[in-house]
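Below is one structure, written out as structure tokens; comments come after it.
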Amino acid sequence: MRALAAGLGFAAGRLVQAMLVMLAILVIAFAVRSALGDPLREIMGEAVPESERAELRHELGLDAPWPVQLARYLGGAVQGDLGTSTIYKRPTLEVILAKFPASFELVLGASLIVLLLSLPAGIYCAVRPRAWGARLILAISVLGISIPVFLTGIFLITIFSVWLGWLPAFGRGETVRLGFWETGLLTADGLEHLILPALTLSSIMLPLFIRLVRGAMLDELGHDYVRTARAKGASPLRVWLSHALRNALLPLAAIGGLQIGTLIAYTLLTETVFQWPGMGFLFLEAVTRADIPLITTYLVFVGLLFVVTNTLVDIVSLLLDPRIGLEGER
Amino acid sequence: MSPAAPGKTASPLRHVMRNPGGIVAASVLVVIALAVILAPLIAPQNPFDLKSFDVLDSGIPPSWLAGGDERFLLGTDAQGRDLWSAVLYGTRISLTVGLFAVVIQAAIGVPLGLLAGYAGGRADTVVTRAADIQLSLSTLMMAIIALALFRAALGGESLGRFAVPLLVVVIGVAEWPHFARTARAATQVEAAKDYVRAARALGIGTLGLMWRHILPNIASPLIVIAATQMAGAIMAEAALSFLGLGMPVTKPSLGTLIRSGYDLMFAGAWWITIIPGLVLIGLLVSVNGLGDALRDALDPRRRAL
């Protein structure tokens, strides 16, 4: 009972912390907007007389003291209103959410590749550490760490699009609308377009995850329960998969979740190489054309992704392993 | 950067030299470093001087290919710039940014790590927690945001003018935790040793003790971290320049060259992208390789392997 209360208290504390971080991000976004953006120019353009400007400024409450404006901004943010994009003339959140499916599907594709390859490769390297294949896998992953993700993309395009002409190099291809979600996963053309970007994005995560899986498995294989399971006559494969792997997965998921910031940055690079119409590509367009409301909304959205992931990882880790919470409380 | 006495480095250096990977990495780096230092003498033209090249020469393939021109060993880029000169000067920028960024990282991280490891208690808690938070923020993402805001505020031209110091600071400040963590762990080990207690008993002040006695003894792991961090900084600079948030086209680094050539790759001009790309990979692999060799050489437990 006491453990449950401690657990709930921990979760509540994390939620409060998450909300404070979000508040800080919103205040920063507000400061950037006030310092860099001129909402009047966004609405009226340059060629409007000063008297009309002053009038509109008063009407919109832009001559109010900054605490009032900040309160208004935060109030709007709670209702999902973070301003209007100067490029698209539409609410910024709407513009970003429209691009979210593209980025999400790219990350999903890359994660599937990472999962399908890093688990067997990592387990193999852990259970047969001296095998020739294991050494080769580790050597390749060292090389993989040294190749920047945008170069991997460029090389893949050179080989598979320019030389061989097998796969498309740019864009998402044909997409299907499912409500608000525009998916490229349901058409052959969309899937074909996904292969190279997803491979590129996975290439930067694979070496890390192979090492993580290997390390976690090596740790688990040294425990007594593994020896017990073997002594009971369980087959090696069963011991690896259902005993050791299950215990190794939790720290892996936690580390994976904590890498979300890096993942977003690499996704942005991948989207730039393949002109993949996702959030990162949109952000760079906003930067080039100085669309301040869109830039700040992207900051808030990325901040939200970051905070939600980190909080979830913390709480899920606690649910699955109560020791983490108790250690944190001390 | 290494405060260790000459007699101390001699033995690890010999160990690096016994490791074939280490020899290759070190030699490649020496060649690159020489080429970069002597770039003004080796390079046929100054790629940062717009007057020294002609747009009419643009897009010439490397000299060994059909259509190549013997004046341009590796061909020319979209502006007619000699690619060999551009790669030399671009590598120079990449190495400069990497080097200074790592100096900043060490200048922030090592003192904090020494303090945390030696003083312990609240100072330790604060530094460790701050390092955790900083690491979770992802350097590349923070750098992208910082440079994007700078560009949105002052325009692409100002970003170009201040690109080198900006890149150094942005990459340097965000990556201090790696040095701090390493210095902290090593300091904790050293602080418990007899020579530290003896020095304290002799009345040597805390600062002097940390600087003169502990720092030289924790130099080995710091040198290893410096190599890894150097590779990371070079890669970050290339990525930022590739995104158009780093070095401008008028003063291209390897990342800028890759980006500017990428537009022409589908027109058949692959060399403007691929050659700087291969140079970048060669640089990163050898810096990482040297780091690995140093780690093996400086870590007595690994030396036995």
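Pull up region A:153-173, narrow it to residues that are β-branched (Val, Ile, Thr) and touching a residue at least 40 places away in the same chain (Cβ under 8 Å), then point me to the one that is farthest from the other protein chains (Cβ to nearest Cβ).
Within region A:153-173, the first condition is being β-branched (Val, Ile, Thr), and the residues that meet it are A:154, A:157-159, A:162.
Keeping just the survivors that are touching a residue at least 40 places away in the same chain (Cβ under 8 Å) gives A:154, A:157.
Working: A:ILE154: 6, A:ILE157: 8 Å.
Result: A:ILE157.
I'd like the residue in region B:137-152 that is without any contact (Cβ under 8 Å) to a residue 60 or more places away in the chain and more than 7 Å from chain A (Cβ to nearest Cβ) and, out of all such residues, is farthest from B:GLU237 (Cα to Cα).
B:PHE150
Which helices (runs of 4 or more DSSP H) sit wholly inside region A:89-185 and have at least 3 residues that are at negative phi and surrounded by fewer than 20 Cβ atoms within 10 Å (Cβ to Cβ)?
Where helices (runs of 4 or more DSSP H) fall fully within region A:89-185 and carry at least 3 residues being at negative phi and surrounded by fewer than 20 Cβ atoms within 10 Å (Cβ to Cβ), they are A:92-127, A:132-146.
Are any residues in region A:75-86 aliphatic (A, V, I, L, M) and buried (at least 16 other Cβ atoms within 10 Å of the Cβ), and if so, which ones?
Here is the first cut: in region A:75-86, the residues aliphatic (A, V, I, L, M) are A:77-78, A:82.
Listed by number, the residues that qualify are A:ALA77, A:LEU82.
Mind listing whichever residues of region B:243-256 are closer than 14 Å to B:LEU284 by Cβ and part of a helix (DSSP H, G or I)?
Hits for region B:243-256 are B:LEU254, B:GLY255.
Restricting attention to region B:248-265, does a residue exist that is aromatic (Phe, Trp, Tyr), over 20 Å from B:LEU99 (Cα atoms) and either touching a Ser or Thr at 6+ places or on another chain (Cβ under 8 Å) or surrounded by 22 or more Cβ atoms within 10 Å (Cβ to Cβ) (or both)?
Yes, region B:248-265 has at least one match.
Identify, please: which residue in region B:93-125 is touching a Leu at 6+ places or on another chain (Cβ under 9 Å) and of a type in the set (Val, Ile, Thr) and is, among those, farthest from the other protein chains (Cβ to nearest Cβ)?
Among those that are touching a Leu at 6+ places or on another chain (Cβ under 9 Å) and of a type in the set (Val, Ile, Thr), it is B:VAL110.
Give the residue, chosen from B:ALA101, B:ALA146, B:ALA107, B:ALA153, that is surrounded by fewer than 23 Cβ atoms within 10 Å (Cβ to Cβ) and closer than 30 Å to A:GLY257 by Cβ.
After ruling out the rest, the residue left standing is B:ALA146.
Quick test for you: out of B:ALA180, B:ALA227, pick the one residue that is within 14 Å of another protein chain (Cβ to nearest Cβ), in contact (Cβ under 8 Å) with a residue 24 or more places away in the chain, surrounded by 17 or more Cβ atoms within 10 Å (Cβ to Cβ) and assigned to a helix (DSSP H, G or I).
B:ALA227 is the lone residue from the list that is within 14 Å of another protein chain (Cβ to nearest Cβ), in contact (Cβ under 8 Å) with a residue 24 or more places away in the chain, surrounded by 17 or more Cβ atoms within 10 Å (Cβ to Cβ) and assigned to a helix (DSSP H, G or I).
Given the conditions (1) in a helix (DSSP H, G or I); (2) buried (at least 22 other Cβ atoms within 10 Å of the Cβ), which single one is not true for B:VAL189?
B:VAL189 satisfies all of (1) in a helix (DSSP H, G or I); (2) buried (at least 22 other Cβ atoms within 10 Å of the Cβ) except (2).
Among A:GLU182, A:GLU220, which is among the acidic types (Asp, Glu) and over 30 Å from B:ILE133 (Cβ atoms)?
A:GLU182
Condition test on B:ALA238, is it under 30 Å from B:SER85 (Cα atoms), in contact (Cβ under 8 Å) with a residue 40 or more places away in the chain and surrounded by 16 or more Cβ atoms within 10 Å (Cβ to Cβ)? Reasoning before the result, please.
Working: under 30 Å from B:SER85 (Cα atoms): yes; in contact (Cβ under 8 Å) with a residue 40 or more places away in the chain: yes; surrounded by 16 or more Cβ atoms within 10 Å (Cβ to Cβ): yes.
Judged against the criteria, B:ALA238 is a match.
Filter region A:186-211 down to the residues that are over 19 Å from the mean Cα position of the chain (by Cα) and not small (Gly, Ala, Ser) and list them by number. Walk me through it before giving the result.
Just the residues of region A:186-211 that are over 19 Å from the mean Cα position of the chain (by Cα), to begin with: A:186-193, A:210-211.
Correct list: A:LEU186, A:THR187, A:ASP189, A:LEU191, A:GLU192, A:HIS193, A:ILE210, A:ARG211.
Can you tell which of A:VAL176, A:VAL149 is among the β-branched types (Val, Ile, Thr) and under 19 Å from A:PHE274 (Cα atoms)?
After applying the criteria, what remains is A:VAL149.
Determine which member of the set B:LEU166, B:LEU140 is out of contact with any Cys (no Cβ under 8 Å at 6 or more places or on another chain) and more than 28 Å from B:GLY117 (Cα to Cα).
Criteria check complete, one pass: B:LEU166.
Within 14 Å of chain B (Cβ to nearest Cβ) and of a type in the set (Lys, Arg): is that true of A:ARG135 in this structure?
Yes; evaluated as a whole, the condition is true for this residue.
Would you check if there is a residue in region B:216-223 being in a loop (DSSP other than H, G, I, E, B), under 30 Å from B:GLU190 (Cβ atoms) and out of contact with any strand residue (DSSP E or B) (no Cβ under 7 Å at 6 or more places or on another chain)?
Initially, region B:216-223 is screened for residues in a loop (DSSP other than H, G, I, E, B), giving B:218.
Narrowing the set further to residues that are under 30 Å from B:GLU190 (Cβ atoms) leaves B:218.
Those left that are additionally out of contact with any strand residue (DSSP E or B) (no Cβ under 7 Å at 6 or more places or on another chain): B:218.
Scanning region B:216-223 turns up at least one residue that is in a loop (DSSP other than H, G, I, E, B), under 30 Å from B:GLU190 (Cβ atoms) and out of contact with any strand residue (DSSP E or B) (no Cβ under 7 Å at 6 or more places or on another chain).
Which condition number does A:LEU221 fail, the rest of (1) out of contact with any Gly (no Cβ under 7 Å at 6 or more places or on another chain); (2) crowded, with 16+ Cβ neighbours inside 10 Å; (3) under 27 Å from A:ALA102 (Cα atoms) being met?
Condition (3) is where A:LEU221 drops out.
None of the figures in this text is laboratory data; all of them are computed from the coordinates on show. Keep in mind that this is a model prediction, so the values were computed, not measured. Counting neighbours? That spans all protein chains shown, and the Cβs are built from the backbone with ideal geometry, glycine included.
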